[in-house]
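Remarks on the structure that follows.
The values are calculated or read from the model by the stated rules, or taken from the named source; none is laboratory data. In this text, all values refer to a predicted model and were calculated from it rather than measured experimentally. With ideal geometry, Cβ positions are generated from the backbone for all residues, glycine too; neighbour counts draw on all protein chains shown. What goes into the accessible areas is simple: the full protein's heavy atoms, side chains included, and nothing from ligands, DNA or RNA. Shrake-Rupley method; radii C 1.70, N 1.55, O 1.52, S 1.80 Å.
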Amino acid sequence: FGDFDLVCCANLLFYYRREVRQAILRRLCGALAPWGYLLTGEAERGIVEGESGLRAVAPPATVFQRVENGVSGR
């Protein structure tokens, strides 16, 4: 699966160990279309904020956008 414009993953990541979280986030990012959006729950904000390849769209909202090679937006 891939090229999704929007993926929702709320209240899931905090249940897993750090290594598993990172693997899940890599797969989610890989499933997003370039500049696609990841919507998370409030509990995942801190987990996702540090993930490379994603940027917060409108903090403090938990909406993140996939970035391509450090470039964001379309």
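Observations, loosely collected:
- Apolar share of the accessible surface for the range 2-74: 53 percent from carbon plus sulfur atoms, 1.4 Å probe.
- Here the label points at A31 and E68, each 7 Å from Cα along the C-beta direction, are separated by 2.1 nm in the simple model.
- Calculated Cα Rg over 2.2 N^0.38 Å (choose from [x] 1.57; [y] 0.99; [z] 1.13), label: [y]
- Averaged per residue, the chain has 64 square angstrom of accessible surface, using a 1.4 angstrom probe with ligands and nucleic acids left out.
- Highest to lowest packing among 36-44, 60-68, scored as the average C-beta count within 10 Å: 36-44, 60-68
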